[in-house]
Structures are given as structure tokens and as C-alpha cells.
Amino acid sequence: MLVQATKLPLNSCGGDGGPVSQCERALERGDLEAVWAAARERVRVRVGDRNYAAWIAPLSCTRASDTVTLVAPDRTTRDWVARHFLTAIEEALAAALGRSCPVQLGVAAPPPVLPIPTEPPNAEQTFDSFVVGESNAGAYEAARALGNATLGSSLFLHGPTGVGKTHLLHAVFHALHGSGTIVACLPAAHLVSALVAAYGRHGHEAFWRDLAPLGALLLDDVHSLAGQEELQERLMEGLVAWVEGGRTLVLTSDRAPRDMPDLAARVRERFEGGEVACIELPEPALRLAILQRKARAQGIEFEPRLVARLAVRLAGDVRRLEGALTRLAAHSRLSGRPLDEALAEEVLPELRVAPALDVDRIIEATAAAFGCPARLLRGRSRRAELVLPRQVAMYLARKLLARPFAELAAQFTRDHTTVLHAWRTIRTRLETDRALATTVAQIEERLLSVL
């Protein structure tokens with residue numbers, strides 16, 4: 001059953017013959033998510049965060065001809081929205097589009113019974129809430145294009161932990177789901193567990209047949225399957241056949257396909273010849289933008305100088321920024337003190353006065369740990385005993401300073417591909433080489449202890 005809304009009068013945002021709004025252009029492009037996101041924020045302001053979370057956030061947006069259809073997860077939600085919030089939604093859409101637009105409310109069809117565990121991704125992790133910078137722009141554009149593309153596309157997102165891969169995966173889910181596609185998003189390990197159970201019941205053929213209703217499958221952290229060659233082979237064989245049926249597949253990993261030799265060959269070839277996008281550690285400008293966005297979302301007021309200082313000193317992934325912001329806000333609230341530089345220096349060791357961390361200090365600390373001259377790590381020598389410490393120094397420089405590979409390469413008198421190779425090699429070895437992991441952790445702790 002659909003509840004159709006009455007048409008609204010044109011508002012001052014532009015009617016017949018008036019300027020075309022950005023949302024109207026988005027609607028013409030078929031970018032329903034952008035239109036609904038703009039209208040949704042207007043509704044949030046009007047109805048409050050609690051009503052928004054309970055009744056508006058669960059709605060997905062589709063379009064049939066000139067009518068916007070909002071699909072509720074159940075009849076209770078649809079009926080409550082129709083009685084209490086439909087007018088607010090109509091007016092928000094009219095304001096966003098610059099013209100009135102018929103609105104219908106519907107109820108989603110019961111989801112198909114799938115042989116895999118699924119749960120809705122984070123509703124707040126959309127393309128609109130993703131902060132874009134130099135280090136993630138390519139991945140963002142690739143994911144956004146896939147979210148608006150026809151089914152049958154594939155995307156492999158890779159990068160270190162805490163840089164936004166899962167956020168983009170969830171954003172793709174919301175975009176595809178909003179267009180009416182049946183989507184499943186889950187950790188790759190959960191899919192493997194379900195597949196193993198199906199094989200145990202001799203039902204592996206039925207397993208893939210039961211996934212047929214899905215138009216898209218989004219798998220997070222495929223690197224977690226490392227070392228499970230037989231399971232990987234079974235999974236990847238099924239995925240290749242499933243995708244070749246014209247479906248969309250998105251994978252995330254902490255390394256590129258070419259750096260995963262145990263990834264099934266057919267899948268690796270498919271992605272190496274297709275869309276592969278990398279997200280790097282955030283640069284200072286992006287860290288600043290992320291801090292500002294998250295502070296606004298939490299109602300935290302910062303001194304501009306302090307925010308800029310945090311963005312420079314808190315190198316690394318986004319989770320480090322979030323953790324620092326949480327600690328600062330908690331200390332300010334509990335102590336009743338203003339969130340200023342004095343409090344920040346007490347709470348965050350990273351801000352205390354200390355010699356600036358640079359490539360030279362990293363090289364010296366690494367050379368001391370491995371018992372070799374620091375000057376040789378900067379030089380062109382290819383002696384075997386220098387390869388590992390030099391790669392560790394390059395890895396730590398990238399991790400702790402978050403500078404471009406090309407900039408770091410100049411410090412080591414190498415090209416950027418050498419530093420990139422060192423970064424990937426050491427990151428992979430740390431997962432299995434406990435002795436090396438201990439050494440690297442000790443060097444890092446020694447470097448950070450004086451900051």
C-alpha cells in the first residue's frame with residue numbers, strides 16, 4: 001500500500017522558469033541519495049534528533065517517474081511517518097528541489113532469506129559524511145561511481161587500518177540499497193563461516209543458489225582469510241561464478257590484490273584488471289577537516305590554533321584522531337575546564353614540547369636497533385644486511401610521519417616505488433613475524449616516548 005502526499009505550492013527556492021537547484025540536477029542524474037540526504041537534514045532540524053533516528057533515518061528513497069517514493073522497513077513505521085512527519089518531508093523535499101514533488105510512502109518487501117548473517121551497516125556512514133582529501137579522493141570517486149552504476153561492477157578498496165575503507169563500503173551499501181538493489185554487507189570471515197557450514201551439510205550448491213536474489217555483495221577485511229588457502233579457493237570459485245551473473249562485488253583489504261599471493265588467482269586477476277582503489281593515511285589538511293567535522297558533530301568547541309596543532313601532531317589513521325578527540329572531550333567535561341591548549345598538553349603526550357620527529361631521527365633509531373650505521377641506511381648500498389633495517393625505517397617514516405611516498409623517498413635517495421614496496425613488505429611481515437613485530441614496536445615506542 002502506498003500513501004500519496006498532496007502536492008505543495010512552489011517555494012522561493014525556484015519554481016517554473018526559475019534556476020535549477022543542485023538537488024534538481026542530482027535528481028536528473030539519478031543521484032537520489034544526494035537529494036534525500038539534503039531533504040533529510042532539513043527534516044532532522046525540524047523534528048529533532050530522537051524522532052529523526054527512530055522514524056526518518058530508516059526510510060530509503062526511490063523514484064518512479066516524477067514521484068519520490070520513501071520506503072519504510074515495516075507498516076508501523078510507514079503509518080507513523082504518514083500521520084506525523086509527511087508534511088515535514090514534503091516541505092523539505094520542496095525546499096531542496098526548488099519545486100513541489102509528489103511523495104509516496106511504501107513498505108519494503110520482506111527481505112529474501114539468505115544463507116549468510118547480515119545486519120544493516122552504520123546509517124551515518126554515507127558518502128555525504130565522508131571527508132574527502134588528497135589521500136582518499138580516488139577511492140571516494142570510485143566508490144561513488146559504483147554506487148550510482150548499473151550492477152555488474154566490481155571494486156577492490158585497500159589501505160591501512162583506520163583510513164575509511166569500511167565507511168566507503170557502508171556508503172556503497174546505502175547508495176545501492178536506496179536505488180532498490182538487494183545488498184548484503186558483512187565481514188569476509190562471516191561469509192566463510194556460513195560457507196563452511198553449508199559444505200558440512202553438503203549444501204554448497206544451494207548456498208550459492210540462495211544468494212541469487214542479491215544484486216550486490218560487499219565484503220569487509222578479506223585479508224583476514226590469509227593462510228586459509230582451501231577455504232579461500234572454495235569461496236573465490238563461488239564468488240567468481242556469482243559475479244559473472246551480472247552482480248556487483250566490493251572487497252576491502254589492508255593490502256592490494258598483487259600483495260595477496262594466496263588470494264585465489266581468478267579473483268586476483270579480475271581485480272588487477274578492474275577497479276582497484278587505494279586509501280592512504282590522511283595528510284595534515286585532511287586530518288584538520290576530519291577533526292573539525294567530528295568536533296561539530298559532537299558539539300565540541302575548539303580553539304582554531306589547537307585544532308591546527310592537533311592535525312599536525314596526530315599523524316596516523318583516523319582512529320587516532322577520534323581517540324584523541326574523545327579523551328579531550330571527556331577530560332574537559334569531567335574537570336569542568338575549557339578545552340584549550342593547556343588541557344590538551346596534559347591529556348595528549350603528542351602535544352608536549354619535544355624535538356620534532358623527522359626521518360633522520362627514525363633512521364638513527366632504526367639503525368641503533370639493528371646495529372648498523374645510520375649513514376648506510378640513507379645511502380645506495382645494496383648489502384643484504386641493510387635491506388631489512390632500511391625497509392623498517394621506510395615503513396616507520398611512512399607510518400609516523402604520514403608524508404607522501406615521493407617526499408620520503410628523497411630522504412633515502414630512492415624513488416617512491418621503493419618506499420611503497422618497503423611499506424607493503426614490512427606491513428605484511430609484521431602479521432606473521434613476531435620477532436620483527438617486537439623490534440618495530442620497540443623502535444616506535446622509543447621514538448614516541450620523547451614526544
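The values are calculated or read from the model by the stated rules, or taken from the named source; none is laboratory data. In this text, all values refer to a predicted model and were calculated from it rather than measured experimentally. Quick reminder, even Gly has a Cβ in these numbers, built from the backbone with ideal geometry, and neighbours come from all protein chains shown.
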Is the stretch 51-60 home to any residue that is at pLDDT below 85 and under 28 Å from the mean Cα position of the chain (by Cα)? yes
Considering every residue within the stretch 70-81, establish whether at least one is surrounded by 14 or more Cβ atoms within 10 Å (Cβ to Cβ), under 30 Å from the mean Cα position of the chain (by Cα), in a loop (DSSP other than H, G, I, E, B) and not basic (Lys, Arg). yes
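Conditions tested, residue by residue: (1) in the same structural domain as THR166 (by TED's automatic domain parsing); (2) closer than 25 Å to ASP49 by Cβ; (3) at pLDDT below 80.
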{"residue": "ARG309", "(1), (2), (3)": "no, no, no"}
{"residue": "ARG313", "(1), (2), (3)": "no, no, yes"}
{"residue": "ASP317", "(1), (2), (3)": "no, no, yes"}
{"residue": "ARG320", "(1), (2), (3)": "no, no, no"}
{"residue": "ARG327", "(1), (2), (3)": "no, yes, no"}
{"residue": "ALA330", "(1), (2), (3)": "no, yes, no"}
{"residue": "LEU334", "(1), (2), (3)": "no, yes, no"}
{"residue": "VAL347", "(1), (2), (3)": "no, no, no"}
Kindly establish whether ALA410 is modelled with pLDDT under 85 and not assigned by TED's automatic domain parsing to the domain that holds GLU444. no
Can you pull out the helices (runs of 4 or more DSSP H) entirely within the stretch 269-350 that have at least 1 residues that are of a type in the set (Lys, Arg), more than 25 Å from ASN136 (Cα to Cα) and within 25 Å of the chain's Cα centre (by Cα)? 318-335
Go through the stretch 393-407 and report how many residues are crowded, with 18+ Cβ neighbours inside 10 Å and either outside the structural domain of LEU377 (by TED's automatic domain parsing) or not hydrophobic (A, V, I, L, M, F, W, C) (or both). 4
